[in-house]
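Here is the structure we will look at.
The values are calculated or read from the model by the stated rules, or taken from the named source; none is laboratory data. What you are looking at is a predicted structure, and each value in this text was computed from that prediction instead of being measured. Please note: Cβ atoms are built from the backbone with ideal geometry, for glycine as well, and neighbour counts cover all protein chains shown. Calculation scope for accessible area: heavy atoms of the full protein, side chains included, ligands and nucleic acids excluded. Shrake-Rupley method; radii C 1.70, N 1.55, O 1.52, S 1.80 Å.
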Amino acid sequence: DTGVSQDPRHKITKRGQNVTFRCDPISEHNRLYWYRQTLGQGPEFLTYFQNEAQLEKSRLLSDRFSAERPKGSFSTLEIQRTEQGDSAMYLCASSPSGQTANTGELFFGEGSRLTVL
Amino acid sequence: SQQGEEDPQALSIQEGENATMNCSYKTSINNLQWYRQNSGRGLVHLILIRSNEREKHSGRLRVTLDTSKKSSSLLITASRAADTASYFCATVVPTGGGNKLTFGTGTQLKVEL
């Protein structure tokens, strides 16, 4: 399978614990995005990488959230001291290099669903 | 924050009927895209329309864009039960980073046999 893969697909944790999600983008894609989606809502942008550089972070990304893409390939999203409000689907997407502003299709993974008890 | 609203929030039709979903957005855009999401799954890109285009077709999909009204519509013709999903519009804005998408709130479509 050569699509975007995310792991784990489901995570149940207790409030206050740390969780980490991993995203493996399509191999030739140099852009990687994280989104968060709560029930009944559209995805909301969290952060974006071009290669290993984190170029933009949303105000939604509090100090408890950190994302990395150390070698410009896979990315991790860590949430420290989880709160019940962090319960959501965390979606990763990637896009190929060389896209112009008039293209811009994103390829999404299946998401990692987080439930904080 | 969401870029815009979608209307209706939910739509239920019979197989074979057409489904129309509308999307409104707030700022100038480079392009507008429509995505589909099956329950509990990731999003799948359906179609992209550039800001200088007014209408685009892909198979059973027809998308229109009216930049003066900041609105778009997605028409699915001859719907099938397999079209049951949530549909989201998403915009790329000129000052946005990379190809960052800002999504609407979505329309839940149910196609009944």
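Please work out which one of (1) under 14 Å from residue A:77 (Cβ atoms); (2) basic (Lys, Arg); (3) open to solvent by 60 Å² or more (accessible area, probe 1.4 Å) is the condition residue A:59 fails and give its number.
Among (1) under 14 Å from residue A:77 (Cβ atoms); (2) basic (Lys, Arg); (3) open to solvent by 60 Å² or more (accessible area, probe 1.4 Å), the lone unmet condition for residue A:59 is (1).
Pairs under 7 Å by beta carbon, first residue under 16 Å from residue B:101 (Cβ atoms) in the range A:51-69, partner of a type in the set (Lys, Arg) and open to solvent by less than 60 Å² (accessible area, probe 1.4 Å), six or more apart or different chains?
A:56/B:100; A:60/A:36
Out of contact with any strand residue (DSSP E or B) (no Cβ under 9 Å at 6 or more places or on another chain) and either over 30 Å from residue B:47 (Cα atoms) or touching a residue at least 24 places away in the same chain (Cβ under 8 Å) (or both): does that describe residue A:86?
Working: out of contact with any strand residue (DSSP E or B) (no Cβ under 9 Å at 6 or more places or on another chain): no; either over 30 Å from residue B:47 (Cα atoms) or touching a residue at least 24 places away in the same chain (Cβ under 8 Å) (or both): yes.
For residue A:86, the condition - out of contact with any strand residue (DSSP E or B) (no Cβ under 9 Å at 6 or more places or on another chain) and either over 30 Å from residue B:47 (Cα atoms) or touching a residue at least 24 places away in the same chain (Cβ under 8 Å) (or both) - is not met.
As an exercise: evaluate residue B:89 against (1) modelled with pLDDT of 95 or more; (2) over 15 Å from residue B:104 (Cα atoms) and give the number of the one condition it does not meet.
(2)
Quick one: which residue in A:40, A:111, A:104 is under 20 Å from residue B:31 (Cα atoms), facing another protein chain (nearest Cβ under 10 Å) and either buried (at least 23 other Cβ atoms within 10 Å of the Cβ) or small (Gly, Ala, Ser) (or both)?
On the way: A:40 fails: under 20 Å from residue B:31 (Cα atoms); A:111 fails: under 20 Å from residue B:31 (Cα atoms).
Going through A:40, A:111, A:104 in turn, just one is under 20 Å from residue B:31 (Cα atoms), facing another protein chain (nearest Cβ under 10 Å) and either buried (at least 23 other Cβ atoms within 10 Å of the Cβ) or small (Gly, Ala, Ser) (or both): A:104.
In this structure, does residue A:88 turn out to be within 18 Å of residue B:40 (Cβ to Cβ), within 10 Å of chain B (Cβ to nearest Cβ), surrounded by 14 or more Cβ atoms within 10 Å (Cβ to Cβ) and in contact with a Leu (Cβ under 7 Å, 6 or more places away or on another chain)?
no
Here is a check on your reading of the model: is residue A:5 crowded, with 22+ Cβ neighbours inside 10 Å and either hydroxyl-bearing (Ser, Thr, Tyr) or farther than 28 Å from residue B:31 by Cα (or both)?
no
Starting from residues that are touching a residue at least 60 places away in the same chain (Cβ under 8 Å) and surrounded by fewer than 17 Cβ atoms within 10 Å (Cβ to Cβ), keep the ones in the range B:25-38 and report whichever is nearest to the other protein chains (Cβ to nearest Cβ).
Ranking the qualifying residues of the range B:25-38, first place goes to B:28.
Just for strands (runs of 3 or more DSSP E) wholly inside the range B:1-53: which have at least 2 residues that are hydrophobic (A, V, I, L, M, F, W, C) and under 26 Å from residue A:111 (Cα atoms)?
Answer list for the range B:1-53: B:10-14, B:19-24, B:31-37, B:43-50.
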